[in-house]
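Notes to accompany the following structure.
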Amino acid sequence: SHKDLISQTFIETNAIITNTYNNIGAASISGINVGYRGKLFKMIDINTNNGFSYNQYTSNSNTTLVKKNKGYSFNSNINLYGLIKDRISVNLNCNYNSHNYNLIRTIRFSPILTLDMGTNFMKDKLNVNISYFDMFGLYAKSISTTNYSNFSQKNISVVKRTNLTLTLIYSFGISFKDRFNNRIINNNDIKVK
């Protein structure tokens, strides 16, 4: 819960509506999250956090046109990690926040999926990683809505963020295994003096 919150709002001056920031009053966000960390099928590590929240923004100012915005939001983060034949690391991440609220606007989002895969060659000297960010372009579209008694606005934003990245890293020093590629960190190459 927040009091004396400064937020984006609409005010009307001489029959002109202006989008500005103002001390609107109060915001209250309450909810519950449940997390789980464990194994799926004895070979896939899973880490998940899911929850619901209720958001309410209320303006006590006489100058703001929008007096209240409220609603529910679902958020979820699921991360799956595994090794294929103890050689290829695979990491799949899904992140979703259904709605984002402030006093004047509600933004509805789509989920975002990211896939990372990596392995080593040449006695672990060459590391190859492939990353597919925003799989299938699901996250590209968001819908923003504003409603009050005599003003309504809906904006649909499509921003293509899908990205496929190939990374090659060649190590000239002693082999070093990190946690992403191996369950146990081998740090024999670290010398303490």
*Exposed chymotrypsin sites (Phe, Trp or Tyr not before Pro) absent - longest run of the chain, DSSP non-H/G/I/E/B, at most 14 other C-beta within 10 Å*: 42-171
*asked:* Spelling out what I want: for every residue of segment 85-99, take phi, set θ = phi - 60°, compute 6.51 cos²θ - 1.76 cosθ + 1.60 (Karplus), and round to whole Hz; glycine and proline get x.
replied: 6, 6, 10, 10, 8, 10, 10, 10, 10, 10, 10, 9, 10, 4, 9
*Extension reserve of the residue 52-residue 14 stretch, reckoned as 0.36 nm per residue once the Cα distance is removed*: 9.6 nm
*Taking the chain as a Gaussian network, where each spring joins two C-alpha atoms under 10 Å apart, which residue of 59, 28, 89 fluctuates the most?*
28
_Quick one: 3J(HN,Hα) in Hz for segment 102-114, Karplus 6.51/-1.76/1.60 with θ = phi - 60°, rounded, Gly and Pro as x._
9, 4, 9, 9, 10, 10, 9, 10, 9, x, 10, 10, 9
_Among 166, 83, 115: highest mean-square fluctuation, GNM of the chain, C-alpha pairs under 10 Å_ = 166
*Place +1 on the Cβ of every Lys and Arg and -1 on the Cβ of every Asp and Glu in the chain, take the dipole about the Cα centre, and give the residue among 60, 104, 163 whose Cα lies farthest towards its positive end.*
163
*asked:* I'd like the FRET efficiency for residue 42 and residue 172, computed as 1/(1 + (r/R0)^6) with the beta carbon distance as r and R0 of 41 Å, rounded to 0.05.
replied: 0.65
_Ignoring ligands, DNA and RNA, please state the percent of accessible area on segment 1-40 from carbon and sulfur, probe 1.4 Å._
52
*List the relative contact order of segment 64-116 as a percent without decimals, with contacts defined as Cα pairs under 8 Å and 6+ residues apart.*
35
_Cβ-Cβ FRET estimate between residue 159 and residue 86, R0 fixed at 30 Å, reported to 0.05_ = 0.20
*Of (1) 134; (2) 190; (3) 200, which is the value of volume of the Cα convex hull per residue in Å³ derived from the coordinates here?*
(3)
*PRE reach from residue 33 (point 7 Å along Cα→Cβ): which of segment 70-109 fall under 11 Å by backbone N?*
75-77
*Portion, in percent, of the accessible area of segment 79-124 that falls on carbon or sulfur, probe 1.4 Å*: 58
*Considering the chain as a Gaussian network with a 10 Å cut-off on Cα pairs, which listed residue, 167, 119, 58, attains the greatest mean-square fluctuation?*
167
_If you count only protein heavy atoms with a 1.4 Å probe, what accessible area per residue comes out for the chain, rounded to a whole Å²?_
67
*May I ask you to derive the relative contact order of segment 2-140, considering only C-alpha pairs under 8 Å and at least 6 residues apart, and to give it as an integer percent?*
17
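The values are calculated or read from the model by the stated rules, or taken from the named source; none is laboratory data. Only a predicted model underlies this, so the values are computations on that prediction, with no experimental measurement involved. Methodologically, a virtual Cβ is constructed for each residue, glycine included, from the backbone with ideal geometry; neighbour enumeration extends over all protein chains shown. Ligands, DNA and RNA are stripped out before the accessible areas are found, and what is left, the full protein with its side chains, is counted by its heavy atoms. Shrake-Rupley method; radii C 1.70, N 1.55, O 1.52, S 1.80 Å.
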